[in-house]
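The values are calculated or read from the model by the stated rules, or taken from the named source; none is laboratory data. Quantities reported herein were computed from a predicted structural model and do not represent experimental measurements. FYI the Cβ positions are ideal-geometry reconstructions off the backbone, even for glycines, and counts take in every protein chain you see. Heads up: the accessible areas ignore ligands, DNA and RNA and are worked out on the full protein's heavy atoms, side chains in. Shrake-Rupley method; radii C 1.70, N 1.55, O 1.52, S 1.80 Å.
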Amino acid sequence: VWDRAQVYMYLKRAGRYFPYIEKQLAKAGMPDDLKYLAVAESALITHSRSNKGARGPWQFMTLAARSNGLRRDGVIDERLSFERSTEAALNNLHRLHDKFGSWSLAMAAYNGGETRLRKSIQAQQTDDYYRLNLPLETERYIFRIAAIKIIMGNPVRYGYRLSSNGHYRPDRYDTVKVQLKKPVYLMDLALAIGVDFKDLKELNPHFLRDYLPSGRHFVHVPSGLGMKTTEFFNHNATQNPPAKLVASDRKPRETH
């Protein structure tokens with residue numbers, strides 16, 4: 001049974017997050033339909049947390065996050081970074097596809113774990129996902145993703161209608177690369193560039209504290225403020241090398 005309000009939220013959030021996922025899938029030569037896996041995992045809620053401790057839009061557990069190159073410690077949790085977690089998820093799915101030979105098995109391994117899947121294949125002497133006896137959640141996983149695709153791919157047919165401006169728009173932001181030798185408080189940055197603390201936290205959810213720790217980071221700031229941000233870092237923080245604007249989007253940032 002579909003919760004109609006929830007499906008409407010899937011459709012609204014897809015406007016914000018699908019364009020980036022679609023671009024990365026195309027760049028990697030992977031099936032576009034894999035974007036629906038993120039809906040099944042988190043309903044496209046980027047701060048989603050399961051009762052088992054998985055977090056982010058792609059629902060990585062801590063160990064899986066670290067094994068896929070995501071930083072997870074007391075000050076940074078890259079599972080909450082939409083870009084970094086998407087990169088890790090797609091790399092993981094690509095690796096699983098190479099290992100098991102099909103996208104259905106890759107998704108099954110993503111859901112139920114590759115060790116369990118490998119043992120099931122060996123014990124049951126078949127590598128056909130649709131013939132394998134797996135935990136119910138994993139057996140239903142691909143069918144759930146298929147159902148999500150069918151509805152989101154043609155929502156009007158199933159009675160879901162959004163106005164032309166009903167979808168959330170993608171966030172617009174500039175990205176600044178920094179190499180900090182000492183922490184920098186986000187409130188100091190917010191005051192310097194003329195935005196609310198909330199703006200910086202929402203654009204950088206993977207920074208768990210109220211400061212940027214020492215080290216190398218990519219910091220998102222509202223569109224058009226990238227150069228002002230580099231000036232702040234280069235003037236107020238010990239930098240080596242200097243901060244650098246690496247991506248700019250000068251369209252106004254839209255929030256919902």
Practice problem: Might you work out the accessible area of residue 187 for me, using a 1.4 Å probe with all protein chains in place, and round it to the nearest 10 Å²? | Solution: 90
Exercise. Quick one: compute the contact order of the chain, relative version, from alpha carbon pairs under 8 angstrom and 6+ residues apart, as a percent.
Key: 18
Practice problem: Considering the options 200, 106, 160, tell which one lies farthest towards the positive end of the dipole of segment 106-245, charges being +1 on Lys and Arg and -1 on Asp and Glu at the Cβ, about the Cα centre. | Solution: 106
Quiz item: What's the carbon and sulfur percent of segment 23-177's accessible surface, probe 1.4 angstrom, rounded to a whole number?
Solution: 48
Exercise. Mind giving me the nanometre distance, one decimal, between the label points for residue 115 and residue 218, set 7 Å out from Cα along Cα→Cβ?
Key: 3.2
Quiz item: How much accessible area per residue does the chain have, in Å², with a 1.4 Å probe?
Solution: 53
Exercise. Take the chain, connect every pair of alpha-carbon atoms lying under 10 Å apart with a spring to form a Gaussian network, then pick out the residue of 246, 221, 178 with the largest mean-square fluctuation.
Key: 246
Self-check item: Label point distance in nm, residue 235-residue 167, each placed 7 Å from Cα along Cα→Cβ
Solution: 4.0
Self-check item: Residue among 52, 23, 228 with the largest mean-square fluctuation in a Gaussian network model of the chain, springs linking Cα atoms under 10 Å
Solution: 52
Self-check item: Solvent accessible area, Å² - residue 115, 1.4 Å probe, full protein context
Solution: 70
Quiz item: Rounded to the nearest 10 Å², what accessible area does residue 87 show when all protein chains are kept and the probe is 1.4 Å?
Solution: 90
